[in-house]
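Let me begin by presenting the structure, written as structure tokens, before commenting on it.
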Amino acid sequence: MRNIVLIGFMGTGKSTVGKRLAQSLAWDFVDTDCEIGEVTNLSVTEIFRRHGETRFRSEERIVVARLSQQEQIVIATGGGTVLNPLNWEALAQNGIVIALHASLEAIISRIGHKTDRPLLKGSKEAIEKLWSERQECYAQADFTVDTTEKNIDEVVNEILARLGRRNNNEFSGVAKD
Ligand code: S3P
């Protein structure tokens with residue numbers, strides 16, 4: 001079994017779901033933003049503030065290249081990670097790519113008040129534009145799970161069902177979109 005890669009917009013639940021999914025499979029969980037934080041010793045906000053988005057994206061590229069070489073890990077990506085085709089290619093080559101979706105309203109109510117996402121600082125219109133622009137990219141995933149009205153367990157169970165997990169932790173085959 002290859003890696004499981006979660007993609008999707010900020011606030012769709014990639015990290016929370018990823019952790020629970022990894023637990024359920026007894027696999028390791030890795031979050032690209034956390035890895036970038038460890039490598040640079042800076043939070044995402046600090047990297048953006050001190051060095052700008054370009055530096056963040058280049059750190060992200062290096063982290064993705066490294067993680068893509070591993071096996072049987074659940075990877076939660078940042079919302080912008082797969083916009084770089086090189087990241088997409090590396091992650092997809094060695095993993096099943098699952099998009100988590102949520103309505104814009106759900107995203108704003110989940111994370112609109114938080115301050116740790118530099119790209120969410122704009123107006124609601126700016127966030128909506130970013131969200132809309134990215135939908136086409138996320139839709140290229142092997143399959144998409146809509147998290148808008150679901151709790152974490154429901155999302156994890158849906159993913160496991162679509163992966164075709166059997167009791168012995170083997171997979172009978174992915175039900176792609
Ligand atoms: C980003 C999403 C963030 C983080 C950075 C940029 C984006 O990750 O990587 O702030 O471009 O959408 P989350 O999706 O985990 O919030």
> Hey, can you list the DSSP H helices of the chain whose Cα span along the axis is 15 Å or longer and whose average Kyte-Doolittle score is at least 0.5?
Replying inline: 152-163
> Quick one: if you stick a label point 7 Å off each Cα along the C-beta vector at ARG2 and ASN41, how many nm between them?
Replying inline: 3.6 nm
>> Quick check for you: which residues of the stretch 113-143 have the amide N under 20 Å from the point 7 Å beyond the Cα of ALA161 toward its beta carbon?
In response: 142-143
> Using a probe of 1.4 angstrom, how much of the accessible area of the chain is carbon and sulfur, in percent?
Replying inline: 47 percent
>> At 1.4 Å probe radius, can you tell me the per residue accessible area of the stretch 3-163 in Å²?
In response: 48 Å²
>> List the residues, sorted by chain then number, that are 5 or more residues from ASN3 or on another chain and whose placed amide H is less than 5 Å from its amide H.
In response: GLN72, ILE73, GLY95, ILE96
>> Let me check something: with ligands and nucleic acids excluded, how do GLU35, GLU149, GLU170 order by accessible area (1.4 Å probe), largest to smallest?
In response: GLU149, GLU170, GLU35
> Ordering VAL39, VAL5 from largest to smallest accessible area (1.4 angstrom probe), what's the sequence?
Replying inline: VAL39, VAL5
> Hey, any idea what Rg/Rh is for the stretch 45-113, computing Rh the Kirkwood way over Cα pairs?
Replying inline: 1.02
>> Given 25 °C and 0.890 mPa s, compute D for the chain with the Stokes-Einstein relation, Rh being the Kirkwood radius over Cα pairs; round to the nearest whole µm²/s.
In response: 149 µm²/s
> Going down the list LYS114/LYS176; LYS129/LYS150; LYS124/LYS176, which pairs span over 30 Å between their C-alpha atoms?
Replying inline: LYS114/LYS176; LYS124/LYS176
> Can you give the accessible area of GLU154 in Å² (nearest 10), computed on protein heavy atoms with a 1.4 Å probe?
Replying inline: 90 Å²
>> Over the chain, with a Gaussian network built from C-alpha contacts below 10 Å, which listed residue (SER103, SER24, SER123) shows the highest mean-square fluctuation?
In response: SER123
> Ordering HIS113, HIS101 from largest to smallest accessible area (1.4 angstrom probe), what's the sequence?
Replying inline: HIS113, HIS101
> Any idea of ASP31's accessible area? Nearest 10 Å², probe 1.4 Å.
Replying inline: 20 Å²
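The values are calculated or read from the model by the stated rules, or taken from the named source; none is laboratory data. In this text, all values refer to a predicted model and were calculated from it rather than measured experimentally. All Cβ positions, even for glycine, are placed from backbone atoms using ideal geometry, and neighbour counts span all protein chains on display. Accessible surface is based on the protein model in full, side chains and every heavy atom, while ligands, DNA and RNA are left aside. Shrake-Rupley method; radii C 1.70, N 1.55, O 1.52, S 1.80 Å.
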